[in-house]
Amino acid sequence: MTTTPNHERKTLILTGASRGIGHATVKRFSSAGWRVITCSRQPFPEDCPWEAGPEDHIQVDLGDPDNVREAIADMRTRLDRGRIEALVNNAAISPKGEDGARLGTIDMNTDDWKKVFQVNFFAPIMLARGLIDELKEARGSVVNVTSIVGSRVHPFAGAAYATSKAALAALTREMAADFGPMGVRVNAIAPGEIDTAILSPGTEKIVEKIPLRRLGAPEEVAKTIYFLCSEQASYVTGSEIMINGGQHV
């Protein structure tokens, strides 16, 4: 376990850290010596697979605006230096119908649409605005995790999820314009078919049409997130990087 004190380490706040892309992102940043403050609906797991403690985990329901505000206040008290170098908005929800069926524009009720947009769209801008002083102090970076489904109809992704990701891509551009004068960069990544627990049956049919003929690995996505938060991307803002093995071509 690292012995470097928190005030000497760069800090990342990451939502949706418990599995898949989020889990890989924690490992990538931790291996580079960053302090990672994770956020999820679940309490801190006793069998946590990375080197962190409860002091670096915040339990928050991003679907509850009041809880998000409380979490932001909690985050700010945990920042020893009053700054964060990176905020990664990775958490998202995608409700399914019976037997995992895709929910289209007609099938989902209005309350569920609102819940999807609160988690996938409103929470990211709430967090960025709530931590704007800390991001400005560090001349930090925000990375929003969008999706390939934000630009096309997908056989498995629901309509609410897809439209929330399209909105998040547009938000990324708007944030880049507004946060840029403060020295804060805002970018997005748009993963395609990544090998995680949320893949739907039938994904293999999609893979057959991907130019690279394989699923992406969570670690490959995490590396791109890390790049966007590093000095190597110091003049990159307002971009949405596609990580899909050529699926978009």
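Taking a point 7 angstrom from the Cα of R19 along the C-beta vector, which residues in the stretch 201-220 have backbone N less than 16 Å away? Output list for this probe position: 201, 218-219.
Springs between alpha-carbon pairs under 10 angstrom, Gaussian network model over the chain: which of A167, A176, A233 fluctuates most? Its mean-square fluctuation being the largest, the pick is A233.
For the chain, a Gaussian network of Cα nodes joined below 10 Å ranks N90, N120, N67 by mean-square fluctuation, and the top entry is N67. Within the chain, what's the longest run with no chymotrypsin sites (Phe, Trp or Tyr not before Pro) in a DSSP loop and at most 16 other beta-carbon atoms within 10 Å? Give the range, please. Answer - 51-234. For a modelled paramagnetic label at R213, 7 Å from Cα along Cα-to-Cβ, the residues of the stretch 233-249 in reach, with backbone nitrogen under 20 Å, are 244-249.
Taking θ as phi - 60° and the Karplus parameters 6.51, -1.76 and 1.60, the scalar couplings of the stretch 207-213 work out to 4, 4, 9, 7, x, 7, 6 Hz in sequence order, x denoting glycine and proline.
Distance between the pseudo-spin-label points of E98 and D111 (7 Å out from Cα toward the beta carbon): 2.0 nm. Just to verify a number: FRET efficiency for K205 and Q59, C-beta to C-beta distance, R0 = 35 Å, to 0.05? So the FRET efficiency works out to roughly 0.40.
Amide H contacts of V142 (H built 1.01 Å from N, in plane; Pro and chain starts excluded): L87, R185, V186, N187 sit under 5 Å, all sequence-distant by 5 or more or on other chains. Spin-label pair M182-S230: with each label point 7 Å from Cα along the Cα-Cβ axis, the two points sit 2.6 nm from one another. Computing Rg and the Kirkwood Rh from the Cα coordinates of the stretch 137-245 gives a ratio, Rg/Rh, of 1.01. Sorted largest first, the principal axis extents computed over the alpha-carbon atoms of the stretch 60-100 equal 48, 22, 11 Å. Taking the alpha-carbon centroid of each part, what is the distance from the stretch 123-198 to the stretch 203-249 in angstrom? Between the Cα centres of the stretch 123-198 and the stretch 203-249 lies a distance of 14 Å.
Extending 7 Å from the Cα toward the beta-carbon at both R173 and A73 defines two label points whose distance is 3.7 nm. Counting lysine pairs in the stretch 6-243 that sit 8 or more residues apart in sequence, or on different chains, and whose Cα atoms lie under 18 Å apart gives 9.
We did not get these values from a lab; they are worked out from the coordinates using the rules stated. Computed from a predicted model, the values in this text were never measured in an experiment. All Cβ positions, glycine included, derive from the backbone under ideal geometry; neighbour counts span all protein chains shown.
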